[in-house]
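This report concerns only the one structure given below.
Since every read-out is calculated from the coordinates, none of them should be taken as a lab result. Please read all numbers here as calculations on a predicted model, not as lab measurements. No Cβ is skipped: glycine too gets one built from the backbone with ideal geometry, and neighbour counts run over all protein chains shown.
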Amino acid sequence: MPPIRQQPRYLQLAQTLISEIEEGHYPVGALMPTEFELCDQFGASRFTVREAIKRLVQQGMVSRQAGVGTRVLGLPRPTGYRQVMEGLSDLQQYTQETTLTILERRTVDIAGALAVQLGATAGQTWLHLRALRRADGSRPISYSDVYIHPAFRSLKLANEVGDVPIFKRIEEQFGEQIAEVRQQIEAVPIAAAVARLLEAKTSSAGLRLTRSYLNGRGEVVEMAINTHPADRYSYSQTFRREQNPGP
């Protein structure tokens, strides 16, 4: 059994604060303890406490105002899925928290703009998967078009993919290694055919995440185009300033 991935301390602290808000320990409208008080309570650094509070702000649970403090606004909405991305390992965490069901599997000849996007030559035959992803058995949180390089189009996948990402299955079955993931995020209206699958309204607001998985040679091994209804999914990413190594 693989080791359990250790969550950063600030995420653990944030989850504790969320639970305490849900349990009414900090009522709606009340001020939470100051950063210094939370540092003492948890034996944590001020940076850790600030990052934890930032997560609550991002979820709309609290507001921060200089000179006033951190005020509780309410509970998080239970209808959506929120993905926090800080590294490649978080993609695997995402699959462990959701379920991917393959609707259709076929090979397609690549041409036009799609060939450019994949870095493929016209006429190449890629594996194309159409799939839906759900969280906690609720309505779908995304529809996916997944394209897999011809070298790996014999990839063995069950209709219920399970908790191992497709790129990890490619690595396991073919000895390939993903070196880089490139991601593009766009706001889009949801097309009619996709809206029916997502149980959403046609032309309603959507978020399209296109992820390209590249090997060490810079070749696209897999590309997943994921369309999310805007009211069921949010995305958060943390950027940290690189430390100056000095002279």
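Assorted remarks:
- Between segment 10-56 and segment 145-163, the alpha-carbon center distance in angstrom: 41
- With θ taken as phi - 60° and the Karplus curve 6.51 cos²θ - 1.76 cosθ + 1.60 applied, the whole-hertz 3J(HN,Hα) list for segment 20-31 is 5, 5, 4, 7, x, 4, 10, x, 4, x, 7, 8 Hz, x standing for glycine and proline.
- Distribution of pairwise C-alpha distances over segment 9-72, 10 Å bins, in %: 23, 62, 14
- Phi angles of segment 202-211 translate, via the Karplus equation with coefficients 6.51, -1.76, 1.60 and θ = phi - 60°, into HN-Hα couplings of 4, 6, 6, 5, x, 10, 9, 10, 9, 10 Hz per residue; Gly and Pro are given as x.
- Amide H contacts under 5 Å for SER204: ILE190, restricted to partners 5 or more places along the chain or on a different chain, H placed in the peptide plane at 1.01 Å from N.
- The distance between label points at ARG182 and GLU22 comes to 3.9 nm (points 7 Å beyond Cα on the Cα→Cβ vector).
- For segment 33-40, Karplus couplings with θ = phi - 60° (6.51, -1.76, 1.60), whole Hz, Gly/Pro x: x, 5, 4, 5, 5, 5, 4, 5
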